[in-house]
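Q: Structure incoming, see below.
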């Protein structure tokens, strides 16, 4: 337990700051999880809708030194990549597995 008046004050200040920081960190984690769950379920419209809020919460956490700047950049990159991958999956399915004439000729030449 703190003895001096200043130490008591510091404990109170730390408790207030910790509660404030917990709010921002929790919000960031929850938003990222929500967006990734939308991506996993294939709900592209919903994911795109909350993307700006997710990035905003990550930037806020970095600004308040809850996470390092590079960590924030990494998180934003992974979130954006997951969202872009959602549209990429559909393109791959549309292409199909048909081989072009050039690919078939290359395979025949290698055999």
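Q: Out of region 43-66, which residues are closer than 18 Å to residue 22 by Cα and touching a residue at least 40 places away in the same chain (Cβ under 8 Å)?
A: Across region 43-66, the qualifying residues are 64, 66.
Q: Follow-up. Given the residues 108, 98, which is the only one that is at negative phi, at pLDDT below 90 and part of a helix (DSSP H, G or I)?
A: 108
Q: Restricting to region 2-12, what's the tally of residues that are surrounded by 10 or more Cβ atoms within 10 Å (Cβ to Cβ) and part of a helix (DSSP H, G or I)?
A: 6
Q: Evaluate region 36-43: report whether one residue or more is surrounded by 10 or more Cβ atoms within 10 Å (Cβ to Cβ), in contact with a helix residue (DSSP H, G or I) (Cβ under 9 Å, 6 or more places away or on another chain), modelled with pLDDT under 95 and not in a helix (DSSP H, G or I).
A: Yes, there is a match, as at least one residue in region 36-43 is surrounded by 10 or more Cβ atoms within 10 Å (Cβ to Cβ), in contact with a helix residue (DSSP H, G or I) (Cβ under 9 Å, 6 or more places away or on another chain), modelled with pLDDT under 95 and not in a helix (DSSP H, G or I).
The values are calculated or read from the model by the stated rules, or taken from the named source; none is laboratory data. Note that the structure is predicted; figures quoted are calculated from it, not measured. Every residue, glycine among them, receives a Cβ derived from its backbone with ideal geometry; neighbour counts consider all protein chains shown.
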